[in-house]
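Asker: I'd like to ask some things about the structure below.
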Amino acid sequence: KGTFMRLVILVFIVNLASASAWGAACTPFEENGKQKLTCTVSSGLRPSGKGERWGAFQYVTSKVAGPAGATYELESASFSLGGPHPCSGVVKYAPGQAKKEAKQEWFDSLVSPITGPSFHLYVAPVNKRFTGDWAECQQVKQSDGEVEWEFHFMGWTSSKPLEVAQMKKYDNSCKLPDLPKDKQDACNQYALSIPLANQDEEIKEAAKLTTIWVKTD
């Protein structure tokens, strides 16, 4: 009896953990008589390039996670990059379109009789690029169970703030030896400085990808 109770408790814990994992990313809902899931994932903060330079491409992937044995078809993907350099895009699919596009893949059959394999051909699903404010984003991968988007964005350039400091900080002649008293007094005077130099900086932003899936069985 004790062993049986431990097995029951263990099964309950496993099922609870599975349900928690499912609910963490995907939420079931019903629309027009159809069972659907909405799945949302965040990339967390990712860095830009410095100044007007592009940052490296970053990726965020949304995976469908529903009850065991259920199958789903992708209905739409909605991407948003939040921050001073945003980018957003929405891709919607007609019934059956997503499943058809997901089967497109690399083809290695294009062979030259002289040089051997000449090139690879890849037909990417949708692959529509969206342009934001100093940012770009696009869907780059899609399968029966997941969608991936890539994004990158620029940083910015900032000017140094106004600064009040003694003249000797800016005037190199103040460093000469045996300065006359009037020069020493001038070097010790405070003045307002407006530096002209700009500084390239990176920023950090987070992306969110939300997918909607329709139950097909």
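The values are calculated or read from the model by the stated rules, or taken from the named source; none is laboratory data. All values reported here derive from a predicted model rather than from experimental measurement. Don't worry about glycine lacking a Cβ; one is built from the backbone with ideal geometry, like all the others, and counts go over all protein chains shown. Accessible surface is based on the protein model in full, side chains and every heavy atom, while ligands, DNA and RNA are left aside. Shrake-Rupley method; radii C 1.70, N 1.55, O 1.52, S 1.80 Å.
Asker: Note down the accessible area of M154, probe 1.4 Å, to the nearest 10 Å².
Answerer: 30 Å²
Asker: Still on this model: 7 Å from Cα along Cα→Cβ at both K141 and L45: what's the point-to-point distance in nm?
Answerer: Those two pseudo-labels are separated by 2.6 nm.
Asker: Now for a different question. Pulled fully out, how much extra length does the chain show between S158 and K99, if you take 0.36 nm times their separation in residues and subtract their Cα-Cα distance? Display every interim value, and only then the final one.
Answerer: Working: separation 59, 0.36 × 59 = 21.24 nm, distance 4.69 nm.
My answer for the length gained is 16.6 nm.
Asker: Over the heavy atoms of R129, what accessible area does a 1.4 Å probe trace out, to the nearest 10 Å²?
Answerer: We get 100 Å² for R129.
Asker: Further question on the same structure: Go through K100/K208; K128/K204; K92/K208; K141/K208; K34/K92; K63/K99 and tell me which ones have a Cα-Cα distance over 21 Å in this structure.
Answerer: K100/K208; K128/K204
Asker: Something else: Using the alpha-carbon centroid of each, what span in Å lies between the stretch 50-77 and the stretch 138-167?
Answerer: After rounding, the separation between the Cα centres reads 19 Å.
Asker: Now for a separate question. Which FRET efficiency value, to the nearest 0.05, do you get for F29 and K204 by plugging their Cβ-Cβ distance into 1/(1 + (r/R0)^6) with R0 = 30 Å? Each step should come with its number before you reach the end.
Answerer: Numbers: r = 32 Å, r/R0 = 1.08.
Taking R0 as 30 Å, the efficiency between F29 and K204 is 0.40.
Asker: What nm distance separates the two modelled labels at Y170 and D185, each placed 7 Å from Cα along Cα→Cβ?
Answerer: Here the answer is 2.1 nm between the modelled labels.
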